[in-house]
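K.L.:
What follows is a single structure, and I will ask about it in a moment.
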């Protein structure tokens, strides 16, 4: 992509009311636009990051056997009354409205009720179980206070997956498989080393549920972690009895700020009983299905990456989620031959399949180009200047550690776009 | 995908209240689920169709230079008051709610106001123009009556693209480029021969706007068409003066039912003036940007394909949007060796990159399998039976014309999964 064709521009300042580092950097880079408190637009560069995160999530969910679908936002109150989650006294984040045709309607903040209702149409026998299904879809939550930039917003994508099992053994097996898939997702997007599967209270069905908490100064959560033992618990699980079960004592744990980037939860038969999702077991009896739910917010994951992987100059994208791998920065482009040369390098990289953002701006000073490049944070910056052209050597800077290499044109193509 | 792993099943009957053919077939096939009137879930097979349609739309929009982004649903009333489209007396399809933090909020039914506001941050000079941007995003419309299955729903995806130009010449050029892109989309999804760029009234800025209308008995629109001349107009453009400008007379036109599958519209400076989107021209004067809008609903396109391309047995997907190219139907699978053989064919096809749905159900009769295969409508049905195994010949039936071929195993792989 040529920067002169991209409609966004970098901005010197983020809006004054935007205090979160993730949103400040993303707004300044032209990744996102703040429409109002807790409501953001994902601009072309930002959407590319989200799509890369979503691809990783999809690969990991599909690998366990998750089937992707797409459920609606509009919700029938009658369904939610069955599980007693329609009343504003029970759930305080509903957005509700009225149908012109008559009657109330809600905007989904989660989808347990919906998917349980759908599955009651398709599950009849124990032979239909186990299986899992998910969607990546917009959730609406009427938060009293939106905060932490793109971390806690009133409208956000959620990947929510649900499992359906006949037995506890089946449930435990699939639950653990998705726990591994979650770890893989966080590893792949570059925050795995700071992310802990954290023990939390489990509700009526199981002793523990699990949050995936990423240690971060900007976090609004708190966890108690022992890095050496690789164990973390949240506040709910600080009782000595719980801790001894986990093989750790209270004074071995350090209190740290963190961001909840995912959670997995055994639902038991709460929703299957309320909505009526049963299967016939081998004896021909109707038995409620055992369910689990598993959530990741792609935009919160993106914000966490930015909060963790950035410096005072800007963002440092890992290759796995960077909108482009290479930022080709052209200098001296007011020289016609130079422009021609730089355009040629861009075209060659692109034709060979490299993901390249090309700073082809003519009137912008080199210093401003380098500052923008650091702010935007592609993994590799390649400079094309008069000197490059004369000496046949491309300066390649690795964003995350500042390492500088010089490559010939051929080596450049080898490195960033090896032909298939 | 093995059918035994797919959580959906075919249904004998669609819900009694579902009268539209597209929804009846899609519900029976397990492509969609009706959550309530005008609100549907896209099940795994249905989402695959939508994704194929979206890919085609993206390719065609990107080819003209459209930049993909993602705008939110939640809307600030203040923005819409500027264009006088907040009041329920002006716009009767709003879903509105209230923020817990105080104040009204709307759910977007279109995005002109939002994108104009965003672009006012990025456009400053005539050098920034022309360009175009789009998103594929959920729209909410509080329709008094949802109807025609997935054609007119209360919640639906829309690909809405907007163009931004400095001059009328730029606008005309980009408008025509997107008109061609639209024609390409409808050609590629298999409804091009029945789809007419239809002249409609143009509003304040231009004489005509254009709808893309697909001739269909199930349509809720009406067009006047001359198939030989390849010209169509809607009711608004039936005046003799308009028709003579288009080179056709009233009695050369035939009245036909149709489905509006897309529309393109010159917005002029209506929104740029209301919201304040201006650029500096070469003389340094502030001038409002000339805009255009271009809409396609992917689910409506899907419904149109089903309405047009189906027979009394079921759906007939074109290859371009079929969830799978091949429906591999295994027979006699209660025989262990036979099951092994059929599984092997499935694995070989998949490994070579073919898109295969495999009916691996053991207890289902052949007749029911064939009926389901016709209902589901993949372009090619390949039968694997004892006879196939013995004779080494696979029966391949083309869904759209019933043509039967016999292929050897090698020819089968050649045809459906030529190795790269």
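The values are calculated or read from the model by the stated rules, or taken from the named source; none is laboratory data. Since the model is a prediction, treat every value here as computed from it, not as a measurement. Neighbour counts run over all protein chains shown; Cβ positions are idealised from the backbone, glycine included.
K.L.:
Determine which member of the set B:72, B:77 is within 7 Å of another protein chain (Cβ to nearest Cβ), farther than 23 Å from residue A:12 by Cα and either crowded, with 23+ Cβ neighbours inside 10 Å or without any contact (Cβ under 8 Å) to a residue 40 or more places away in the chain (or both). Please lay out each step first, then the result.
P.N.:
Working: B:77 fails: within 7 Å of another protein chain (Cβ to nearest Cβ).
From the options B:72, B:77, the qualifying one is B:72.
K.L.:
Does any residue of segment A:103-118 turn out to be at pLDDT 95 or above, more than 27 Å from residue B:12 (Cβ to Cβ) and at the interface with chain B (Cβ under 9 Å from one of its Cβ atoms)?
P.N.:
For segment A:103-118, residues at pLDDT 95 or above, more than 27 Å from residue B:12 (Cβ to Cβ) and at the interface with chain B (Cβ under 9 Å from one of its Cβ atoms): present.
K.L.:
I'm checking my understanding of the structure. Among residues of segment B:150-166 that are more than 12 Å from chain A (Cβ to nearest Cβ) and in contact with a strand residue (DSSP E or B) (Cβ under 7 Å, 6 or more places away or on another chain), which one is modelled with the lowest pLDDT?
P.N.:
Within segment B:150-166, the subset more than 12 Å from chain A (Cβ to nearest Cβ) is B:151-152, B:158-161, B:165-166.
When the remaining residues are screened for being in contact with a strand residue (DSSP E or B) (Cβ under 7 Å, 6 or more places away or on another chain), the result is B:151, B:158-161, B:165-166.
Values: B:151: 92, B:158: 98, B:159: 98, B:160: 98, B:161: 98, B:165: 98, B:166: 98.
Top of the filtered list is B:151.
K.L.:
Looking at B:147, B:139, which is the one that is more than 9 Å from chain A (Cβ to nearest Cβ), within 30 Å of residue B:17 (Cα to Cα), surrounded by fewer than 23 Cβ atoms within 10 Å (Cβ to Cβ) and touching a strand residue (DSSP E or B) at 6+ places or on another chain (Cβ under 6 Å)?
P.N.:
Values: B:147 fails: touching a strand residue (DSSP E or B) at 6+ places or on another chain (Cβ under 6 Å).
Just a single option satisfies the conditions, and that option is B:139.
K.L.:
Check B:320, B:373 and return the single one that is without any contact (Cβ under 8 Å) to a residue 60 or more places away in the chain, under 27 Å from the mean Cα position of the chain (by Cα), outside the structural domain of residue B:212 (by TED's automatic domain parsing) and not in a strand (DSSP E or B). Show your work before the answer.
P.N.:
Working: B:320 fails: without any contact (Cβ under 8 Å) to a residue 60 or more places away in the chain.
Going through B:320, B:373 in turn, the sole match is B:373.
K.L.:
From the list B:284, B:292, B:276, B:303, which residue is touching a helix residue (DSSP H, G or I) at 6+ places or on another chain (Cβ under 8 Å), surrounded by fewer than 20 Cβ atoms within 10 Å (Cβ to Cβ) and in the same structural domain as residue B:119 (by TED's automatic domain parsing)? Before the answer, list the steps.
P.N.:
Working: B:284 fails: touching a helix residue (DSSP H, G or I) at 6+ places or on another chain (Cβ under 8 Å); B:292 fails: surrounded by fewer than 20 Cβ atoms within 10 Å (Cβ to Cβ); B:303 fails: surrounded by fewer than 20 Cβ atoms within 10 Å (Cβ to Cβ).
Every option except B:276 fails the conditions.
K.L.:
So which of A:62, A:22 ends up being within 24 Å of residue B:31 (Cβ to Cβ), touching a strand residue (DSSP E or B) at 6+ places or on another chain (Cβ under 9 Å) and outside any loop (DSSP other than H, G, I, E, B)? Working first, answer last.
P.N.:
On the way: A:22 fails: within 24 Å of residue B:31 (Cβ to Cβ).
Within the list A:62, A:22, the selection yields A:62.
K.L.:
Could you grab me the full set of residues in segment A:108-143 that are in a loop (DSSP other than H, G, I, E, B) and either within 18 Å of the chain's Cα centre (by Cα) or touching a residue at least 40 places away in the same chain (Cβ under 8 Å) (or both)?
P.N.:
Looking only at segment A:108-143, we keep the residues that are in a loop (DSSP other than H, G, I, E, B), and these are A:108-111, A:123-124, A:129-130, A:141-143.
Residues satisfying the conditions are A:109, A:110, A:111, A:123, A:124, A:129, A:130, A:141, A:142, A:143.
K.L.:
OK, next. Within segment B:221-239, is even one residue in the same structural domain as residue B:165 (by TED's automatic domain parsing), within 19 Å of residue B:162 (Cα to Cα) and without any contact (Cβ under 8 Å) to a residue 24 or more places away in the chain?
P.N.:
Step one: of segment B:221-239, the residues in the same structural domain as residue B:165 (by TED's automatic domain parsing) are B:221-239.
Among the residues that remain, those that are also within 19 Å of residue B:162 (Cα to Cα) are: none.
Within segment B:221-239, not a single residue is in the same structural domain as residue B:165 (by TED's automatic domain parsing), within 19 Å of residue B:162 (Cα to Cα) and without any contact (Cβ under 8 Å) to a residue 24 or more places away in the chain.
K.L.:
Just to be sure, is residue A:105 in contact with a helix residue (DSSP H, G or I) (Cβ under 8 Å, 6 or more places away or on another chain) and part of a strand (DSSP E or B)?
P.N.:
So residue A:105 passes the test.
K.L.:
Within 10 Å of chain A (Cβ to nearest Cβ) and within 22 Å of residue A:7 (Cβ to Cβ): is that true of residue B:121 in this structure? Show your work before the answer.
P.N.:
Details: within 10 Å of chain A (Cβ to nearest Cβ): yes; within 22 Å of residue A:7 (Cβ to Cβ): yes.
Spelling it out, residue B:121 is indeed within 10 Å of chain A (Cβ to nearest Cβ) and within 22 Å of residue A:7 (Cβ to Cβ).
K.L.:
Within 16 Å of residue B:265 (Cβ to Cβ) and without any contact (Cβ under 8 Å) to a residue 24 or more places away in the chain, is that true of residue B:163?
P.N.:
Numbers: within 16 Å of residue B:265 (Cβ to Cβ): yes; without any contact (Cβ under 8 Å) to a residue 24 or more places away in the chain: no.
The answer is no for residue B:163.
K.L.:
Given the residues A:214, A:269, A:249, A:206, which is the only one that is buried (at least 19 other Cβ atoms within 10 Å of the Cβ) and assigned by TED's automatic domain parsing to the domain that holds residue A:53? It would help to see each step written out before you state the result.
P.N.:
Working: A:269 fails: buried (at least 19 other Cβ atoms within 10 Å of the Cβ); A:249 fails: buried (at least 19 other Cβ atoms within 10 Å of the Cβ); A:206 fails: buried (at least 19 other Cβ atoms within 10 Å of the Cβ).
None of the other options fit; the residue is A:214.
K.L.:
I would also like to ask the following. If residue B:336 satisfies every condition in (1) in the same structural domain as residue B:158 (by TED's automatic domain parsing); (2) without any contact (Cβ under 8 Å) to a residue 12 or more places away in the chain but one, which is the exception?
P.N.:
(1)
K.L.:
Tell me the residue from B:367, B:402, B:353, B:344 that is modelled with pLDDT of 95 or more and either assigned to a loop (DSSP other than H, G, I, E, B) or touching a strand residue (DSSP E or B) at 6+ places or on another chain (Cβ under 7 Å) (or both), please. Give the derivation first.
P.N.:
Values: B:367 fails: either assigned to a loop (DSSP other than H, G, I, E, B) or touching a strand residue (DSSP E or B) at 6+ places or on another chain (Cβ under 7 Å) (or both); B:353 fails: modelled with pLDDT of 95 or more; B:344 fails: either assigned to a loop (DSSP other than H, G, I, E, B) or touching a strand residue (DSSP E or B) at 6+ places or on another chain (Cβ under 7 Å) (or both).
Among B:367, B:402, B:353, B:344, only B:402 is modelled with pLDDT of 95 or more and either assigned to a loop (DSSP other than H, G, I, E, B) or touching a strand residue (DSSP E or B) at 6+ places or on another chain (Cβ under 7 Å) (or both).
K.L.:
Yes or no: segment A:85-107 includes at least one residue that is over 20 Å from residue B:46 (Cα atoms) and touching a residue at least 60 places away in the same chain (Cβ under 8 Å).
P.N.:
If we filter segment A:85-107 for residues that are over 20 Å from residue B:46 (Cα atoms), which is where we start, we get A:85-107.
Of the ones still in play, those that are also touching a residue at least 60 places away in the same chain (Cβ under 8 Å) are none.
No; the residues of segment A:85-107 include none that is over 20 Å from residue B:46 (Cα atoms) and touching a residue at least 60 places away in the same chain (Cβ under 8 Å).
K.L.:
Scan (1) over 25 Å from residue A:100 (Cα atoms); (2) buried (at least 19 other Cβ atoms within 10 Å of the Cβ); (3) facing chain A (nearest Cβ under 10 Å) for the single condition residue B:57 breaks and write down its number.
P.N.:
All conditions pass for residue B:57, except number (3).
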